[in-house]
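Trainee: Mind looking over this structure? Questions follow.
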Amino acid sequence: MDCKPQTISPTRPLLGMTLTELKEAVTAIGMPAFTGKQIAEWIYSRHVKSFSEMTNISKANREKLALHYNIGLLPHVDVQTSKDGTKKYLFPVSNGKCVETVYIPDGDRATLCVSCQVGCKMNCLFCQTGKQGFEGSLTAADIINQIYALPEQENLTNIVFMGQGEPMDNLDNVLRATEVLTAEWGYAWSPKRITVSSVGIKGKLKQFIEKSQCHLAISLHSPLHEQRAQLMPAEKAMPITDVIELLKTYPFFRKGEAHQRRLSFEYIVFDGVNDSNTHAREIVRLLNGLDCRVNLIRFHNIPGIDLKTSDEKRMETMRDYLTKHGIFTTIRASRGQDIFAACGLLSTARKNENIQNDTER
């Protein structure tokens, strides 16, 4: 099923608003500020779907709310289920496009991989989302809706910002969304349940580290400047060495310091490209002094890109070398590959093109 054109409501969504913004929203239409706190509880704690469920707000005020605002709930328009239980949802967003969101159950854990942009500007060689191009950033409401409208939201234990888009390129809305997720008046999640990924963007990465307590994952993929620039154009603007130097300025990322914030490096392993002993040694040299982990990831083929994933033995050799040299390293299991939900495979290019065509008819 393709994402159908959405009728955009003339009212504003309350989903994604902070407590301060909710109070301002209700006072702007003549209601007492404490109503904003009541709304925050109904939305973020009780996950209501309509104003009629907000029973401690008078009927007159609920009707007034409905004239100016909407909850912000946008149900998914499609879902695909993998043979391994992974589900890929297609959610409409406020600019009339769609994004993909991946739900990954694993025993007593369930992780949601959320998107923050439609497409992506980074254009990493190995990523299908980058081939889509950039079609807009999501609002905080769009981001939170991927959780709010998820049928399995009560099962979630972790959220990773590793779907479509570069979180640091939409930092304001990512920070607003993580504030809603972690604040006492919001979802009240521990920041330790949330990981935000980045290729590294000057200024924005520093801002994220200082304003958020969520875990951080850096897309590494090569420790060598020229090769990383070929794989990831963002290397030209902010080399990985600059990223590392920035991270080392924060005590909670340095070895030997007490902290609860996790730093990880994502590393897709390409056969004969970045899986040599030299690469392993350079990773150890590059990450020296940081308290971090490395996640080795299998490459999933995308059309027109002449790259292949390393075999299991080679990945195990890299894992064992890094672990031996003090870097905790794992090989991440691939999930949802048969429904194109695995790392690097998310794209809504065709679906969004169909939306445009339907709109023009």
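Please treat every number below as a calculation from the coordinates, not as lab data. Treat the numbers as computed from the prediction; the structure is a model and nothing was measured. Ideal geometry is used to build each Cβ from the backbone, glycine not excepted, and the neighbour counts take in all protein chains shown.
Trainee: Could you give the nm distance between label points at ASP242 and ALA60, where each point is 7 Å from its Cα heading toward the beta carbon?
Mentor: Label at ASP242, label at ALA60, 5.9 nm between them.
Trainee: Something else: For region 67-72, in order, what is each residue's ³J(HN,Hα) by Karplus, 6.51 cos²θ - 1.76 cosθ + 1.60 with θ = phi - 60°, in whole Hz (x at glycine and Pro)?
Mentor: Whole-Hz 3J(HN,Hα) from phi for region 67-72: 6, 10, 9, 10, 4, x.
Trainee: Using Cβ contacts closer than 10 Å as the measure, can you line up THR101, THR129, THR323, THR20 from fewest to most?
Mentor: THR20, THR323, THR101, THR129
Trainee: Using label points projected 7 Å from each Cα along Cα→Cβ, tell me how many nm separate ASP106 and ILE331, to one decimal.
Mentor: Going by the 7 Å Cα→Cβ label model, 1.5 nm.
Trainee: If you average the sequence gap of Cα pairs under 8 Å that are 6 or more apart and divide by the length of region 257-328, what percent do you get for the contact order?
Mentor: Once normalised by length, the contact order is 41 percent.
Trainee: Explain nothing, just the number: relative contact order of region 12-70, from Cα pairs under 8 Å at least 6 residues apart, as a whole percent.
Mentor: 35 percent
Trainee: Okay, moving on. What number, rounded to the nearest 500 deg cm²/dmol, is the helix-based mean residue ellipticity at 222 nm of the chain, given -39500 (n - 2.57) per DSSP H run of at least four residues and division by all its residues?
Mentor: Taking each H run of at least 4 residues, the total per residue is -9000 deg cm²/dmol.
Trainee: So what's region 25-132 giving for Rg/Rh, alpha carbon basis, Kirkwood Rh from the mean inverse pair distance?
Mentor: In region 25-132, Rg relative to Rh is 1.10.
Trainee: Report, in debye and to the nearest 20, how large the dipole of the chain comes out about its Cα centre when Lys and Arg carry +1 and Asp and Glu carry -1 on their Cβ.
Mentor: Working: 44 positive and 40 negative charges, 96 e Å.
Dipole magnitude for the chain comes out near 460 debye.
Trainee: Can you give me the Cα centroid spacing of region 318-344 and region 39-107 in angstrom?
Mentor: For region 318-344 versus region 39-107, the Cα centre distance is 32 Å.
Trainee: Work out how much length GLN230 to VAL77 would gain on full extension: take 0.36 nm times their residue separation and subtract the Cα-Cα distance, in nm to one decimal. Present the calculation step by step, with values, prior to reporting the outcome.
Mentor: Values: separation 153, 0.36 × 153 = 55.08 nm, distance 3.64 nm.
Using 0.36 nm per residue and subtracting the Cα-Cα distance, I get 51.4 nm.
Trainee: For region 81-195, what mean projected area does the convex hull of the alpha carbons give, in nm²? Walk me through the intermediate numbers first.
Mentor: On the way: hull surface 29.3 nm².
Average projection, Cα convex hull of region 81-195: 7.3 nm².
Trainee: Around ALA66, what is the net charge, scoring Lys/Arg as +1 and Asp/Glu as -1 over all other residues with Cβ under 15 Å from its Cβ? Before the final figure, lay out each step's value.
Mentor: Details: positive: ARG12, LYS49, LYS59, ARG62, LYS64; negative: GLU53, GLU63.
Net local charge, ALA66 excluded: +3.
Trainee: OK, next. In cubic angstrom, how much convex hull volume per residue do the alpha carbon atoms of region 12-70 span?
Mentor: Output value, Cα hull per residue: 71 Å³.
Trainee: Return LYS313, LYS192, LYS324, LYS87 ranked ascending by Cβ neighbour count within 10 Å, so the fewest neighbours appear first.
Mentor: With the fewest neighbours first, LYS313, LYS192, LYS324, LYS87 line up as LYS313, LYS324, LYS192, LYS87.
Trainee: Further question: Through the Karplus equation 6.51 cos²θ - 1.76 cosθ + 1.60, θ set to phi - 60°, convert the phi angles of region 271-288 into ³J(HN,Hα) values in whole Hz; use x for Gly and Pro.
Mentor: 4, x, 10, 10, 10, 7, 4, 4, 4, 4, 4, 5, 5, 4, 5, 5, 8, 4
Trainee: For THR157 and ASP172, compute 0.36 nm times the residue count separating them, minus their Cα-Cα distance, and round to one decimal in nm.
Mentor: 3.0 nm
Trainee: If amide H atoms are built 1.01 Å from N in the plane of the peptide, which residues on other chains or at least 5 residues away come under 5 Å of the amide H of ARG293?
Mentor: Correct list: LEU263, SER264, PHE265.
Trainee: Can you list residues from other chains, or at least 5 along the same chain, whose modelled amide H is less than 5 Å from the amide H of VAL196?
Mentor: Answer set, sorted by chain and number: PHE161, HIS215, LEU216, ALA217.
Trainee: On a full-extension model of 0.36 nm per residue, what is the gain between ARG262 and ASP311, subtracting their alpha-carbon distance, rounded to one decimal in nm?
Mentor: Here the answer is 14.8 nm.
Trainee: Could you give the dipole magnitude of region 12-70 about its Cα centre, charging the beta-carbon of Lys and Arg +1 and that of Asp and Glu -1, in debye to the nearest 20?
Mentor: 100 debye
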